[in-house]
Amino acid sequence: PLGSLRYRAVAGPEFIRRWMPRSTGRDGAEWLGGVPVVDFDRKDDLQNRFFRQLTGRTLEAPWHYVPASAEFAGAARLGLGWALLPEQQCLADIRSGTLQELAPDLPLDVPLFWQRWKISSPLLDLLAEAVRRTAAETLQPGPGRGTRPRAHKVGSEGPDEGA
């Protein structure tokens, strides 16, 4: 286990003005179930997992697929739909107001794992140590790492969803 990559549910301000019902307030997440959402590809389940965590329901919304990292974030900024972005990719935009958080108190943490062959290799040992060190500096503590508990446990993620 390396730790957890923390995602934030975000959308552009114009998207929120256009799609968010005035009567629900920010805490009423039901409105997200029927508005456009951006997924990376057809295997991307993060937005649906997040919505299930909030409402207990499955998303039934129009989807846009944007299978490129920078363009995926750009689609959310431009108001194509709401999406989950890694904190490293969205915190500056949240601070500047380019993106707004939809549920600031409920990030989605996805555990990441490092796997390698058990062969003796000084080069692979150095690489593995660099990955572990960088993960310790940039990821949230997750299963098997650190003593701080995760802020929120969402779904049942497993090693097949790691890096």
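Results, tabulated for the structure shown:
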read-out: Among the residues listed as LEU102, LEU139, the single one being within 26 Å of GLY33 (Cα to Cα) and at pLDDT 90 or above; value: LEU102
read-out: Among (1) at pLDDT 90 or above; (2) within 27 Å of ALA83 (Cβ to Cβ) - the single one GLU157 does not satisfy; value: (1)
read-out: Residues that are open to solvent by less than 30 Å² (accessible area, probe 1.4 Å), touching a helix residue (DSSP H, G or I) at 6+ places or on another chain (Cβ under 9 Å), over 18 Å from PHE51 (Cα atoms) and among the aliphatic types (A, V, I, L, M), drawn from region 69-94; value: ALA73
read-out: Qualifying positions in region 119-140 - acidic (Asp, Glu) and either within 24 Å of the chain's Cα centre (by Cα) or at positive phi (or both); value: GLU137
read-out: Failed condition for ARG49, given (1) farther than 27 Å from THR134 by Cβ; (2) within 17 Å of the chain's Cα centre (by Cα); (3) among the basic types (Lys, Arg); value: (1)
read-out: Residue satisfying all of: in region 87-136; of a type in the set (Asp, Glu) and in contact with a strand residue (DSSP E or B) (Cβ under 8 Å, 6 or more places away or on another chain); farthest from ARG6 (Cα to Cα) among these; value: ASP93
read-out: Enumeration of residues in region 39-68 that are open to solvent by 50 Å² or more (accessible area, probe 1.4 Å), within 20 Å of PRO21 (Cα to Cα) and of a type in the set (A, V, I, L, M, F, W, C); value: LEU54, TRP63
read-out: Test: residue in region 29-38 that is buried (at least 16 other Cβ atoms within 10 Å of the Cβ), at pLDDT 95 or above and under 15 Å from the mean Cα position of the chain (by Cα); value: yes
read-out: Any hit, region 95-115, residues being aromatic (Phe, Trp, Tyr), without any contact (Cβ under 8 Å) to a residue 40 or more places away in the chain and open to solvent by 30 Å² or more (accessible area, probe 1.4 Å); value: no
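The values are calculated or read from the model by the stated rules, or taken from the named source; none is laboratory data. Model, not experiment: these values are computed from the prediction. Ideal geometry is used to build each Cβ from the backbone, glycine not excepted, and the neighbour counts take in all protein chains shown. Just the protein is used for accessible areas: all its heavy atoms, side chains included, with ligands, DNA and RNA removed. Shrake-Rupley method; radii C 1.70, N 1.55, O 1.52, S 1.80 Å.
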